[in-house]
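Asker: Handing you this structure, nothing more for now.
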There are 2 protein chains.
Amino acid sequence: MFGDKENISTCDDFCIHEEVVQRAKQNMLKEEIVYDLADLFKVLGDSTRIKILRAISLEEMCVCDIASLFAISQSAISHQLRTLKNARLVKSRRDGKNIYYALDDEHVDLIINQGLEHILHQ
Amino acid sequence: MFGDKENISTCDDFCIHEEVVQRAKQNMLKEEIVYDLADLFKVLGDSTRIKILRAISLEEMCVCDIASLFAISQSAISHQLRTLKNARLVKSRRDGKNIYYALDDEHVDLIINQGLEHILHQ
DNA sequence: TGAACATATGAACAGTTAATCATATGAAAG
DNA sequence: CTTTCATATGATTAACTGTTCATATGTTCA
């Protein structure tokens, strides 16, 4: 009877508030979206990357300037910039020997500021 | 010879755009704030936690309901709920044997939606 | 062309993290 | 009080992440 529906060993079907669960199910994001979203926040979840994003939020900066701003090696900055670029959070342009990085879109700043509000208002 | 000013081995002081760096420096967040912010996003940077937050964004849910909604064990959910609670993203209340979780404030939803916009508009 | 410089990249290693399993806690009902 | 059930917690382990070091790429200038 309970047969072929293998269950995840939790709360054996009894405590479930069916309606609540159904409504939540309606509201669920597609698995792929959830992963993309988590990946986005994962990228934001590193202090070095936050610093970089903040730094270039006013105006574009070359790698060397960014590295000199913090006590972080050029290599580390470069690795992080790649991560940020893969996440489409920053864009770059070359000018001679230098490569300048800037925020890729305004969302980035919005998200960070929203985060700041959460932090600052406890 | 190059003496006491040990340098972080980058871009030996020459390529620096002084003014740009200065302006960025003005705009810098306090170290502690940066860490808190990174921690916040770190917490958001996990698909299981995103799912949980989304699920309880409509109305509070008990642990058991949340676990039944996804194919995730009760233990895993419980661990994640603790992480979310430590980050002040959710709050809980007990009612008999059940414990109900809800979003701790509106920021949470705002941040997630902002993230969604970034994702969806490429 | 080659030297000097800005940036990128790969490998390696240490530190962190999320799931699982087993077990503990704490409320309720008999 | 003992059992049952919902939830929490600790230990363990596998996977992942960020930095460092060494080196490569690609641009400029002599």
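The values are calculated or read from the model by the stated rules, or taken from the named source; none is laboratory data. Model, not experiment: these values are computed from the prediction. Neighbour counts run over all protein chains shown; Cβ positions are idealised from the backbone, glycine included. Surface areas here come from the heavy atoms of the whole protein model, side chains and all, with no ligands, DNA or RNA. Shrake-Rupley method; radii C 1.70, N 1.55, O 1.52, S 1.80 Å.
Asker: When residues of segment A:37-49 are filtered for being within 11 Å of DNA strand C (Cβ to nearest atom) and either open to solvent by less than 30 Å² (accessible area, probe 1.4 Å) or in a helix (DSSP H, G or I) (or both), how many remain?
Answerer: Total satisfying the criteria: 4.
Asker: Which ones in segment B:48-88 are within 11 Å of DNA strand D (Cβ to nearest atom) and of a type in the set (S, T, N, Q)?
Answerer: B:S68, B:S73, B:Q74, B:S75, B:S78, B:Q80, B:T83, B:N86
Asker: Do we find a residue being within 7 Å of chain A (Cβ to nearest Cβ) and within 21 Å of A:D39 (Cβ to Cβ) anywhere in segment B:62-75?
Answerer: Within segment B:62-75 (the criterion being within 7 Å of chain A (Cβ to nearest Cβ) and within 21 Å of A:D39 (Cβ to Cβ)), the answer is yes, since at least one residue qualifies.
Asker: Another question, if that's okay. When the residues of segment B:17-30 are narrowed to those that are among the charged types (D, E, K, R) and more than 8 Å from chain A (Cβ to nearest Cβ), which ends up farthest from A:E117 (Cα to Cα)?
Answerer: Among those residues, the one meeting the criterion is B:E18.
Asker: Mind checking which residues of segment A:96-122 are near DNA strand C (Cβ under 10 Å from one of its atoms) and free of Cβ contacts under 8 Å to residues at least 12 places away in the same chain?
Answerer: A:G96, A:K97
Asker: Restricting to segment A:89-114, what's the tally of residues that are within 10 Å of DNA strand D (Cβ to nearest atom), charged (D, E, K, R) and open to solvent by less than 50 Å² (accessible area, probe 1.4 Å)?
Answerer: Of the residues in segment A:89-114, 0 are within 10 Å of DNA strand D (Cβ to nearest atom), charged (D, E, K, R) and open to solvent by less than 50 Å² (accessible area, probe 1.4 Å).
Asker: Okay, next question. Restricting to segment A:50-70, name every residue that is open to solvent by 30 Å² or more (accessible area, probe 1.4 Å) and under 17 Å from A:D105 (Cβ atoms).
Answerer: A:R54, A:S57, A:L58, A:E59, A:E60
Asker: Look at A:H121 and say whether it is surrounded by fewer than 16 Cβ atoms within 10 Å (Cβ to Cβ), touching a His at 6+ places or on another chain (Cβ under 8 Å) and farther than 20 Å from B:V21 by Cβ.
Answerer: So A:H121 fits the description; yes.
Asker: Continuing with this model, one more query. Which of the residues belonging to segment B:54-63 are touching a strand residue (DSSP E or B) at 6+ places or on another chain (Cβ under 7 Å) and either near DNA strand C (Cβ under 10 Å from one of its atoms) or not polar (S, T, N, Q) (or both)?
Answerer: B:A55, B:I56, B:E60, B:M61, B:C62, B:V63
Asker: Can you pull out the residues in segment A:70-95 that are closer than 17 Å to B:A24 by Cα and away from DNA strand C (no atom under 14 Å from the Cβ)?
Answerer: A:A71
Asker: Taking segment B:71-88, which residues are surrounded by fewer than 22 Cβ atoms within 10 Å (Cβ to Cβ) and either over 21 Å from the mean Cα position of the chain (by Cα) or aliphatic (A, V, I, L, M) (or both)?
Answerer: B:A71, B:I72, B:S73, B:Q74, B:S75, B:A76, B:L81, B:A87, listed by residue number.
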